[in-house]
Amino acid sequence: MSRFPFLRGTGLAGLLSLGAFSFADSNLSTRDWPSWRGPTANGIAPKDAKPPLNWDDKTNILWKVELPGPGSATPIIIGDQVIVLTATKTEKKAKPEELPPRDKRFETKTNPPDRFYRFDVLSLDRNTGKELWKRSVKQAVPHEGHHPTHSYAGGSPTTDGKRIYASYGSFGIYALDLTGKILWSRDLGQLHTRLGWGEAVTPVIHGESLVLNWDQEVDSKLIVLDAATGKTRWEVKREEKTTWNTPLVVEHGGKTQVIVNGTNRVRSYDLADGTLLWEVAGMTANAIPSPLAEEGVAYVMSGYRGAAAMAVPLDARGDAAEKVLWKHTKGTPYVPSPLLLDGRLYFTKVNSQMLTVLDAKTGKPLLEDERLAGLTSFYASPLAAAGRIYLVDRDGTTLVLTPGDKPKVLATNRLSDKIDACPAVSGDILFLRGEKYLHAIAERKN
């Protein structure tokens with residue numbers, strides 16, 4: 001396993017009813033980026049977003065702020081606030097009696113730390129990077145280690161414009177107001193991830209429901225909390241091991257579906273009560289990419305030690321095996337989620353720089369395994385903005401492409417910072433959360 005949990009950063013949210021989302025009906029504006037993949041949870045920026053085409057360490061950097069610790073949690077933007085989650089190792093060493101007990105049922109390839117970590121929600125000014133407030137929601141000694149490329153800040157925050165929701169998985173779920181005051185918190189217990197690689201529980205907000213994918217090595221479940229109080233509305237058991245993907249919430253045919261990728265089966269649940277609506281097998285192990293949906297069809301992929309992509313109609317019920325519209329078994333992503341734009345699906349092979357474009361209606365390849373020059377590997381999911389596609393690799397290089405059957409390179413931009421988090425956009429500013437810094441990138445006005 002070369003990278004997992006993390007990106008979920010990895011993660012999805014929305015207020016959403018995909019295809020029906022309206023800023024006018026929400027507490028958000030078109031300048032807000034409320035979740036790890038934007039207002040409709042698909043990586044597509046609002047039409048008035050105009051991030052720059054070109055930048056480097058010295059060009060078009062509006063500001064950059066050093067962060068207290070690494071992470072792959074994508075920042076979100078609400079009004080003039082940029083919200084970032086961090087998990088920072090402190091100097092406080094745990095006493096023997098303060099160390100969490102180790103559960104010997106689980107094989108691990110990592111070792112838990114012996115120091116306390118501080119889990120912070122940080123608010124920065126969108127225009128200057130100045131710290132507005134910082135709330136330490138927890139200090140704890142983690143019971144698991146994490147993959148060398150991961151951190152304890154892997155789940156991205158989300159907002160509905162009224163509250164900020166921050167998930168640290170085993171270390172708590174928190175709702176804060178826009179000034180950083182904690183409104184409620186929940187301790188849902190410890191997660192035990194595959195081989196101790198780490199966690200990334202990104203919450204999804206829809207109306208007054210907060211959705212959490214609680215997949216782990218035992219006792220996996222899907223949990224829905226009341227957004228106002230944090231109380232459990234319902235939870236359903238899942239026959240899955242650790243998956244690290246973020247649910248997709250989509251309205252279709254009078255029902256609101258929660259679609260969750262999985263190694264054993266992709267499943268859709270009724271948001272009202274957790275009733276299973278449809279399910280289908282066929283993914284690979286370690287199902288990390290999050291689903292997408294458009295025009296009554298869900299698109300789901302995975303790509304660890306194999307390749308799988310399929311299109312499933314949202315009006316399917318029960319076992320949807322016979323309802324699958326098409327399947328594709330080559331070049332699918334391991335960590336990044338795909339991009340669905342203008343009837344095309346864009347994705348990279350495993351975590352590599354090999355790009356594929358599929359016709360979303362038929363699954364027919366329009367471009368297969370095209371090598372993207374100048375890039376290394378990906379954890380971040382692609383972004384569409386201003387009629388362009390942005391692909392951010394792990395070494396801090398962003399390739400800007402034209403959309404289409406055969407995308408063309410418009411620009412190659414390099415920063416001296418490793419990047420695993422997904423990009424975020426607010427108006428004319430592009431935000432890239434690196435290993436060391438949060439970068440705000442905008443066209444300089446002469």
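The values are calculated or read from the model by the stated rules, or taken from the named source; none is laboratory data. As the structure is a prediction and not an experimental result, all values here were calculated from the model. Every residue, glycine as well, gets a Cβ built from its backbone with ideal geometry; the counts of neighbours run over all protein chains shown.
Taken as a whole, the structure leaves Thr40 outside the set of residues that are surrounded by 24 or more Cβ atoms within 10 Å (Cβ to Cβ), touching a Phe, Trp or Tyr at 6+ places or on another chain (Cβ under 6 Å) and modelled with pLDDT of 95 or more. Of all residues in region 197-229, those satisfying the criterion of being among the aliphatic types (A, V, I, L, M), part of a loop (DSSP other than H, G, I, E, B) and within 15 Å of Tyr174 (Cβ to Cβ) are Val201, Ala227, Ala228.
Here Gly196 passes the criteria (1) modelled with pLDDT of 95 or more; (2) in contact with a His (Cβ under 8 Å, 6 or more places away or on another chain) except the one numbered (1). Name the residue that is farthest from the chain's Cα centre (by Cα), counting only residues in region 152-162 that are surrounded by 24 or more Cβ atoms within 10 Å (Cβ to Cβ) and either at pLDDT below 95 or assigned to a loop (DSSP other than H, G, I, E, B) (or both). Taking the candidates together, the pick is Tyr152. Within region 20-31, residues that are under 16 Å from Ser426 (Cα atoms) and hydroxyl-bearing (Ser, Thr, Tyr) have Cβ atoms under 7 Å from residues that are surrounded by 15 or more Cβ atoms within 10 Å (Cβ to Cβ) and modelled with pLDDT of 60 or more in these pairs: Thr30/Pro46, counting only partners at least 6 apart in sequence or on another chain. Being aromatic (Phe, Trp, Tyr) and either over 19 Å from Thr158 (Cβ atoms) or within 17 Å of the chain's Cα centre (by Cα) (or both) holds for only one residue in Tyr269, Tyr299, and it is Tyr299. Is it the case, given these coordinates, that Thr263 is surrounded by fewer than 16 Cβ atoms within 10 Å (Cβ to Cβ) and either hydrophobic (A, V, I, L, M, F, W, C) or in contact with a strand residue (DSSP E or B) (Cβ under 9 Å, 6 or more places away or on another chain) (or both)? Answer is no for this residue. Would it be correct to say that Ser156 is within 21 Å of Glu131 (Cβ to Cβ) and either among the small types (Gly, Ala, Ser) or touching a helix residue (DSSP H, G or I) at 6+ places or on another chain (Cβ under 7 Å) (or both)? Judged against the criteria, Ser156 is a match. Does region 22-37 contain at least one residue that is small (Gly, Ala, Ser), at pLDDT below 55, within 29 Å of Asn261 (Cβ to Cβ) and in a loop (DSSP other than H, G, I, E, B)? Yes, region 22-37 contains at least one residue that is small (Gly, Ala, Ser), at pLDDT below 55, within 29 Å of Asn261 (Cβ to Cβ) and in a loop (DSSP other than H, G, I, E, B).
If you filter region 68-89 down to residues that are among the polar types (S, T, N, Q) and at pLDDT 95 or above, you find that the one that is surrounded by the most Cβ atoms within 10 Å (Cβ to Cβ) is Thr74. For region 229-266, residues that are more than 15 Å from the chain's Cα centre (by Cα) and over 19 Å from Glu208 (Cβ atoms) total 13. Does any residue of region 119-131 turn out to be assigned to a strand (DSSP E or B) and surrounded by fewer than 18 Cβ atoms within 10 Å (Cβ to Cβ)? Taking every residue of region 119-131 in turn, at least one turns out to be assigned to a strand (DSSP E or B) and surrounded by fewer than 18 Cβ atoms within 10 Å (Cβ to Cβ). Only a single criterion out of (1) among the basic types (Lys, Arg); (2) closer than 24 Å to Val335 by Cα; (3) in contact with a helix residue (DSSP H, G or I) (Cβ under 6 Å, 6 or more places away or on another chain) is not satisfied by Lys138, namely (2).
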